[in-house]
1. What residues qualify as long-range amide H neighbours of Arg189, i.e. H under 5 Å apart, gap of 5 or more or another chain, H built at 1.01 Å from N?
2. Where Lys and Arg each count +1 and Asp and Glu each count -1, what net charge lies around Ser182 among other residues with Cβ under 12 Å from its Cβ?
3. Going by how many other beta carbons lie within 10 Å of each one, how would you line up Phe127, Phe77, fewest first?
4. If only Cα atoms are counted, what is the Rg of the chain, and what is its Dmax, in Å?
5. How do 112-120, 38-46 rank on mean C-beta neighbours within 10 Å, highest first?
6. Using helices alone, I'd like the mean residue ellipticity at 222 nm for the chain: each DSSP H run of four-plus residues gives -39500 (n - 2.57), total over residue count, nearest 500.
7. Identify, among Gly237, Thr107, Phe223, the residue whose Cα sits farthest towards the positive end of the charge dipole of the chain, taking +1 on the Cβ of Lys and Arg and -1 on the Cβ of Asp and Glu, with the dipole about the Cα centre.
8. Greater than 26 Å separation of Cα atoms is the criterion. Which listed pairs, Lys224/Lys266; Lys48/Lys219; Lys48/Lys224; Lys219/Lys272, meet it?
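Values in this text are rule-based calculations from the coordinates and carry no lab data. Since we're looking at a predicted model, the values are computed, not measured. As a convention, Cβ positions derive from the backbone with ideal geometry for all residues, glycine included, and neighbour counts pool all protein chains shown.
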Amino acid sequence: MRHRSSKRWLAWSYDHVPGFAAISETTYKFIARHRGLGSTFTQLLWGKDVRPPTYFWARRWFLRALGLIYLIAFASFGVQVEGLVGSNGVSPLNQFLPAVYERFGSTAYSLLPTLCWFDSSNSLLHFLCSGGVVLSLLLILGIAPALSLVVLFVFYLSLTIAGQTFLSFQWDILLLETGFLSIFFAPWRLWPGELMLWRGSGPLATTSPVSRAGLFLLKFLLFKLMLMSGVVKLTSGDDCWWNLTALDYHYWSQPLPTVFAWWADKRPEWFK
């Protein structure tokens with residue numbers, strides 16, 4: 001442990017913390033006498049392979065899945081963008097941004113960060129959507145993943161501001177958060193072989209190590225999402241969340257219900 005930087009605190013504690021050495025020795029003796037029991041607990045907690053996880057496969061498929069989600073987001077908005085926020089759309093961007101600037105002045109640039117401040121024409125809106133589609137494909141293919149994620153974040157942030165109320169859903173914000181944190185999770189290489197779609201599944205000698213900080217941030221984002229999703233419901237004052245009856249209404253009142261919503265709504269109470 002003295003030779004591993006991540007474990008040196010254990011060696012230091014063994015030498016300097018009162019009682020730490022005695023507890024360590026007692027624990028080791030107990031495990032040595034009951035190796036079968038220790039092995040059982042080890043397999044329950046970590047499985048048969050106790051080597052530290054590398055997360056190479058997780059990173060590979062997570063980034064591809066994120067690229068696919070980005071692709072769907074950009075492509076689906078691209079076919080609607082002109083009708084929603086185009087110059088002749090429902091809420092024209094070229095009228096919205098000047099109105100914001102007139103009210104807030106130069107602080108509007110930081111309040112609503114978007115590339116559309118430079119140009120709010122239909123051409124730029126289509127460029128952002130088309131560029132997002134291309135970059136999403138690059139991410140799926142594993143080409144320049146970190147750089148692609150940076151530009152994808154900038155493009156989608158620009159579109160969420162330009163999209164106004166049409167891109168203010170929770171999943172739009174979640175995609176921005178996930179996309180931003182994934183920048184620190186992706187390898188900063190132009191051609192990372194471990195992410196290439198056409199490369200084999202085995203580990204490569206040139207595989208970039210997975211950022212533990214990036215991994216932690218993504219796990220924390222998932223934790224925050226689950227925690228706050230529950231907190232906001234239980235503190236909303238609506239009794240249906242405490243009575244566990246919310247799903248009696250959710251399937252036919254949710255925004256953008258899918259074709260499965262009708263089927264799910266007709267299921268018995270125990271299923272919901």
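1. Excluding prolines and chain starts, which carry no amide H, the hits are Ala146.
2. Values: positive: Arg59, Arg64; negative: Glu177.
Around Ser182, the surrounding residues sum to +1.
3. On the way: Phe127 14, Phe77 23.
Lowest count first: Phe127, Phe77.
4. Rg, Dmax (Cα atoms, Å): 25.2, 79.
5. Working: 112-120: 16.9, 38-46: 11.3.
Ranked by mean Cβ neighbours within 10 Å, highest first: 112-120, 38-46.
6. Details: 14 runs with 170 residues, N = 272.
Mean residue ellipticity, 222 nm, calculated: -19500 deg cm²/dmol.
7. Of the candidates, Phe223 comes out farthest on the positive side.
8. On the way: Lys224/Lys266 31 Å; Lys48/Lys219 24 Å; Lys48/Lys224 31 Å; Lys219/Lys272 28 Å.
Over 26 Å apart, Cα to Cα: Lys224/Lys266; Lys48/Lys224; Lys219/Lys272.
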